[in-house]
Amino acid sequence: MSDWIKLNVGGQTFYTTRTTLMSEPESMLARMFSEENKNILMPCQMENDTYLIDRTPKYFEPLLHYLRSGRVILDANVNPEGVLEEAKYFGIESMIPILEEIICDSEKEKDQDLPLTRREVVKILASTECHRELRFQGLNLAGADLSKLDLRCINFKYAKMKGCQLLGANLSKCNMERVDLSNAKLDAAQLLGVRMVCSNLEKASLQNCNFEDPAGSVALMEGCNLRGANLEGSQMAGVNLRVATLKDANMQNCDLRSAVLAGADLERCNLSGSDLNETNLRGANFKDTLLESMQSPLHMSQTIR
């Protein structure tokens, strides 16, 4: 008798060997196709030397591959929960914990991908003692409305905050290093001593924000991407914007006294009406920068230090 077996599973034909089907000795498939049981336990109806099995073929195929290779490989369009049900039905016990782990990991990824809502953030804030550090590192907060919340001293490093609403929020002393805040709204936010090194604030709105800490803590925004951002009217005295990108940014009427803009890209930046007294602009790119109606002439502002 040939060791090759032809299966028709839910209308799809599979060719395999008896050895493959019996590679998990205690499984239903092994018992169904065992030579010892062939006269006792018929696996299914036969037609033209083909075994007919009424199961879903796309879930059966990964089982067959596992029995051949010992590896679980699932195509993108195959639901692992469906394969798990087939593994249980056919008694492929060694495959079950592997599939359960795949499903668990998939659910964790889905949970991580879903952005937190304002309600969830408020719940976390309310349940955390005021002296404990809050860590939101790498969390997805994209599009969340966190306006007017007290978010001081929270670690947001690497967080996804694209399009986030932070109007009037208190973000003082927060670690926002490498955070994606593109297209976010931070108008009138408190940003005293904030750390925004290498953060992405492209096209963000930061009108009338306050970065100036009376206690002397400097806001760090080195290497920040503020391309096309709107910072009009913000209090930014002493802010460190070294090598930041401010191309096409609106910085009209900003207080930039003693700020560091060394090596910054200010191409087409609008600095009209801003106070640049004692500002460090060494090596900055001033191509097409607007400097009208400044509070002190640029040549008198001790810009190169």
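Test V122 against the criterion of being crowded, with 20+ Cβ neighbours inside 10 Å, of a type in the set (A, V, I, L, M, F, W, C) and out of contact with any helix residue (DSSP H, G or I) (no Cβ under 9 Å at 6 or more places or on another chain), and give yes or no. If you could, list the steps in order and put the result at the bottom.
Numbers: crowded, with 20+ Cβ neighbours inside 10 Å: no; of a type in the set (A, V, I, L, M, F, W, C): yes; out of contact with any helix residue (DSSP H, G or I) (no Cβ under 9 Å at 6 or more places or on another chain): yes.
Taking the combined requirement at face value, the residue does not satisfy it.
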The one condition F136 fails out of (1) within 19 Å of D213 (Cβ to Cβ); (2) buried (at least 18 other Cβ atoms within 10 Å of the Cβ) is (1)
K160: passes all of (1) touching a residue at least 40 places away in the same chain (Cβ under 8 Å); (2) out of contact with any strand residue (DSSP E or B) (no Cβ under 9 Å at 6 or more places or on another chain) but (2)
Screening V218, V243, V239 for residues that are hydrophobic (A, V, I, L, M, F, W, C) and modelled with pLDDT under 95 leaves only V218
Selection from the stretch 87-146 of residues in a helix (DSSP H, G or I), within 21 Å of K173 (Cα to Cα) and under 17 Å from the mean Cα position of the chain (by Cα) yields V121
Note on the stretch 157-215: residues more than 22 Å from R118 (Cα to Cα) and not in a loop (DSSP other than H, G, I, E, B) are R195, N210
Scanning the stretch 63-86 residue by residue, those over 31 Å from the mean Cα position of the chain (by Cα) and charged (D, E, K, R) turn out to be R68, E85, E86
For the stretch 1-36 the number of residues that are surrounded by 15 or more Cβ atoms within 10 Å (Cβ to Cβ) and assigned to a loop (DSSP other than H, G, I, E, B) is 6
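The values are calculated or read from the model by the stated rules, or taken from the named source; none is laboratory data. Small disclaimer: the values here were computed from a predicted structure and weren't measured. Don't worry about glycine lacking a Cβ; one is built from the backbone with ideal geometry, like all the others, and counts go over all protein chains shown.
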